[in-house]
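Below: one structure, written as structure tokens.
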There are 2 protein chains.
Amino acid sequence: MISFNQLKAVERLRELERQPIDLTKEGALNSKRIEEMVVAALGIKMLYGAERVTHEVIKNLFELAEEARVFDKMEAMQVGEIVNKIEGYESENRSVLHTAMRDFFDQCQEGTRAKEAATLAYQELEKLKHFLEEIRKQDFTDMVQIGIGGSDLGPRAVYLALEAFKKADRRVHFISNVDPDDAHHVLSGLDCSKTLFVVVSKSGSTLETLTNEELIKKHIIQKGLVPKDHMVAVTGKGSPMDNPEKYRASFYIWDYIGGRYSVTSMVGGVVLAFALGMEKFLEFLKGANAMDKLALSRSFGDNLPLMGALLGIWNRNFLHLPTCAIIPYSQAMIRFTAHLQQLDMESNGKRIDKQGKVVDFDTGPIIWGEVGTNGQHSFYQCIHQGSSLIPLEFIGFRHSQYDDDILVQETLSQEKLLANLFAQSIGLSTGKHHDNPNKYFPGNRPNHILLANKCDPFTLGALLSYFENKVAFQGFIWNINSFDQEGVQLGKVLANKIIGFFAKKRRNEEIDNKDFPVAQAYLKQLEKL
Amino acid sequence: MISFNQLKAVERLRELERQPIDLTKEGALNSKRIEEMVVAALGIKMLYGAERVTHEVIKNLFELAEEARVFDKMEAMQVGEIVNKIEGYESENRSVLHTAMRDFFDQCQEGTRAKEAATLAYQELEKLKHFLEEIRKQDFTDMVQIGIGGSDLGPRAVYLALEAFKKADRRVHFISNVDPDDAHHVLSGLDCSKTLFVVVSKSGSTLETLTNEELIKKHIIQKGLVPKDHMVAVTGKGSPMDNPEKYRASFYIWDYIGGRYSVTSMVGGVVLAFALGMEKFLEFLKGANAMDKLALSRSFGDNLPLMGALLGIWNRNFLHLPTCAIIPYSQAMIRFTAHLQQLDMESNGKRIDKQGKVVDFDTGPIIWGEVGTNGQHSFYQCIHQGSSLIPLEFIGFRHSQYDDDILVQETLSQEKLLANLFAQSIGLSTGKHHDNPNKYFPGNRPNHILLANKCDPFTLGALLSYFENKVAFQGFIWNINSFDQEGVQLGKVLANKIIGFFAKKRRNEEIDNKDFPVAQAYLKQLEKL
């Protein structure tokens, strides 16, 4: 395996990074550039004329992708080869098959692990369909998802993004934090007798989730109801939560579905199908599946996620930009960036390659952002005139979701929204000269736009998969494992130790002062507050 | 004015930055260090033992503060001198008097601009009190704030953080985005006849806000109601919105209150006092006022915001870390970091100093973050093992807000929450050795904790002011103007131009193809979707 910095294309790109195109030059960002720098597929257009790339940079980035054999790796992932591993070291050693969770439409290859996984996933989908039919008679109006990380962020982001398409009499809520105020706040507005609680944990051992499950059971019992009638499980087969006696229904996920990649599995499926209905949920899966297939396309002209990955690599490894702001100009996507933050940073926030060697280049950037136009009135000052260069990825839609708009001074709100999006893309890259240094904009803030017709189930599924595959492509190029998360273990171990101290105090047991003294010092500060 | 890099303390700190303390060394982070590295005041403790500082670094940072005359500058700001300016160039040339908005308790100096501002602010507070008494008879249950940026983020963050203390029969909502889906979504759940709409814009000309105001009026009329009965204005005296004929009540703000510093003015006041009642709103102001007074303290031992500012400067200018994650371990503070993102990045995301010279050092960092423990299951992988070093500022509370907790395996949820906070602070700084490179944690991730008893009105007011004053102190040390935002202008100008194109199209007017052709190229891509 050749390391990133040893790839020939990297060497050529290092030459090109010395003088990236200056978009502040008169005419550098012109209409021809906007028209030429487009990748389009599945009703989504990527407009990347405002990135600091030339056709030569793009050509070399494509060569980088080929040299890193990204298509073979994407194919290997999608058919189910063991790609979640570190060679020569103990590691998870698993397939990565979230793409199989939605591969019912265009059929995946017979005889592969992917086919097996898709078949199992389809069984769960059928189970879900029957379950939703069964509960229809009981008039459940609310569903509460209890989960954290991938069991929360992705499903929540997608639910909020598609709330405009949900059934009028159904709502979904989420409880994630071990902070007891989270559960209290959500429960206080609910009629328990009409509510189903979906407990989601692949391992069946997530501290936050199991604790909240107990809190909710207590709450259900207080209302004179039977917990089992209201509880649904989504978990791994054989996990401590795989216990039909405790849940009125159980749905399965598998070890080849990472939490942050689990939205299209039953982790997102139960709440989304409850809220949207099965038909729209299938539209959503169809969009994701179509984008997965597109990720396999060896034609650079339409492979959206690969293009996104390469532009990100240019900004990260050649322009050396440590963060990336993702800004949807769509209120519905209010929590989408929070999902992408996990997806990207947990996948590619790594320091060793797939052979266990510490890497000598930068991996996944810090992902952050809010929706537009709100962000403009918040942190854009820093993006336009701050001392850190921040690249941006915009998302925009031609039409609003509800189509409840108003003409004010001859334009619709949706038009004002889009005008702001385009204005920022241009202003950030071209900048503006001014004699007053405070009114001077240095420009050259690289950005691109993903543009689609409407934020509907199919398009959102495609966008979800776009980012999943973009992240995977970057991992392939960097030769890192985007599918494990060993970095979360240390915190868990130390937290459990401190939880043990709290338990000992409750039992009035002495704690040895040589046992984790730093933690004890913190606890002393807490007591002396 | 001596530039930051010419300060003598900076020179000495540059020496110290070469070998910052290595917290991964056995015993480097010990209980003595935790006990010694504490600043405490107003029931809030800052624990900074996990920062990469020594006593010598702290001593030099204090000297830096004195050399930069931060106390004189803080005093000048709080009494109302004109500190929002760039010398020698056209600039806003204003006082900065958000601290006067809450200076009713401990009295500010007679004969100062601050006294004048506090007197005016108190009049508005009295008006608000009467207004709330007047509307009590009408059983309004809901209030919707229409505003963006500072008129949205701060008030929303504080409302959510204090929802546990609100009146049972009152709720507050927010509409900010020009995306028409935002207003539709909020309005769809409301009974208009019981709702008041508070339109907030200092200039009375904010595009998003005025557009949403029209949308809401349309909605009110559709319900057969009279807009004026339901509309309240918060605006600058003499602004286009200062028109009593259109609003049932009007409250004033002044040009010396920046949007991002406006939470304790009527911008936050109307909705917060409506929801919490006047008494608790005053508690909140009291907390903010107490922290303002503390910021004037020339004793380094208790000046919390100054200490926070200096630790931030160490991380930014000496350890060269481009971002800062702010992580409250409190679900109630779910949007607090989004407010701080504006507060900090719009204030200190600057490239010129107060004499108009382009600075040769880094200014305000990128602020981002989510609440804990949620973040642990999202981006902490990247913080522990990624290639970018990310400093963290934690906030934690001894008690939950609702006290609706449960013992699971002998500990409360709140204890589990705190255990996680302390565990992360320790694990991030000490790291962990392991032979498997994937289980190796490099550590030295600097962090500190702000610890308080409970997230209640007084404490939250103090925390709000803590960050406002921290940001101001950093601006004083960098000699930049933290109170203007020229960087948001370019986007507005360009957006208005593109909005004009949309209007022309609606009128079927020809657009000159030489007029802003790049924008026209984007619009063509939109049409061809």
Can B:Lys439 be described as at the interface with chain A (Cβ under 8 Å from one of its Cβ atoms) and charged (D, E, K, R)? yes
Among A:Tyr252, A:Tyr256, A:Tyr261, which is in contact (Cβ under 8 Å) with a residue 60 or more places away in the chain and within 14 Å of chain B (Cβ to nearest Cβ)? A:Tyr261
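Take the range A:67-94 and flag every residue that is among the acidic types (Asp, Glu), outside any loop (DSSP other than H, G, I, E, B) and touching a residue at least 40 places away in the same chain (Cβ under 8 Å).
Result: A:Glu67, A:Glu75.
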Checking B:Asn513 against (1) over 29 Å from B:Lys350 (Cβ atoms); (2) at the interface with chain A (Cβ under 10 Å from one of its Cβ atoms); (3) part of a helix (DSSP H, G or I), which test does it fail? (3)
For residues that are at positive phi and assigned to a strand (DSSP E or B), tally how many sit in the range A:169-225. 0
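Please determine, by comparing only the residues of the range A:323-373 that are polar (S, T, N, Q) and over 15 Å from A:Ala161 (Cα atoms), which one is surrounded by the most Cβ atoms within 10 Å (Cβ to Cβ).
Within the range A:323-373, the match that is surrounded by the most Cβ atoms within 10 Å (Cβ to Cβ) is A:Thr373.
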Screening B:His377, B:His384 for residues that are under 26 Å from B:Arg33 (Cβ atoms) and more than 18 Å from the chain's Cα centre (by Cα) leaves only B:His384
Yes or no: the range B:128-143 includes at least one residue that is of a type in the set (Val, Ile, Thr) and either surrounded by fewer than 23 Cβ atoms within 10 Å (Cβ to Cβ) or modelled with pLDDT under 95 (or both). yes
Of the residues that sit in the range A:14-48 and are under 20 Å from A:Leu428 (Cβ atoms), under 29 Å from the mean Cα position of the chain (by Cα) and facing chain B (nearest Cβ under 8 Å), which one is surrounded by the fewest Cβ atoms within 10 Å (Cβ to Cβ)? A:Val38
Within the bounds of the range B:380-401, is there any residue that is under 30 Å from A:Tyr380 (Cα atoms), at the interface with chain A (Cβ under 7 Å from one of its Cβ atoms), free of Cβ contacts under 8 Å to residues at least 60 places away in the same chain and open to solvent by 10 Å² or more (accessible area, probe 1.4 Å)? yes
Within the bounds of the range A:221-230, is there any residue that is surrounded by fewer than 15 Cβ atoms within 10 Å (Cβ to Cβ) and of a type in the set (S, T, N, Q)? yes
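Inside the range B:426-458, can you point out the residues that are among the aromatic types (Phe, Trp, Tyr) and touching a residue at least 60 places away in the same chain (Cβ under 8 Å)?
If the condition is that a residue be among the aromatic types (Phe, Trp, Tyr) and touching a residue at least 60 places away in the same chain (Cβ under 8 Å), then B:Phe458 is the only one that fits.
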Give just the number: which of (1) at the interface with another protein chain (Cβ under 7 Å from one of its Cβ atoms); (2) crowded, with 24+ Cβ neighbours inside 10 Å does B:Ile499 not satisfy? (2)
Inspect all residues belonging to the range B:276-285 and state whether any of them is open to solvent by less than 10 Å² (accessible area, probe 1.4 Å), out of contact with any Leu (no Cβ under 9 Å at 6 or more places or on another chain) and at pLDDT 95 or above. no
So which of A:Gly372, A:Gly356 is within 7 Å of another protein chain (Cβ to nearest Cβ) and in a loop (DSSP other than H, G, I, E, B)? A:Gly356
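The values are calculated or read from the model by the stated rules, or taken from the named source; none is laboratory data. This structure is a prediction, so every number in the text was calculated from the model and none was measured. Cβ: placed from backbone, ideal geometry, glycine included. Neighbour counts: every protein chain shown. Ligands, DNA and RNA are excluded from the accessible area calculation, which covers all protein heavy atoms including side chains. Shrake-Rupley method; radii C 1.70, N 1.55, O 1.52, S 1.80 Å.
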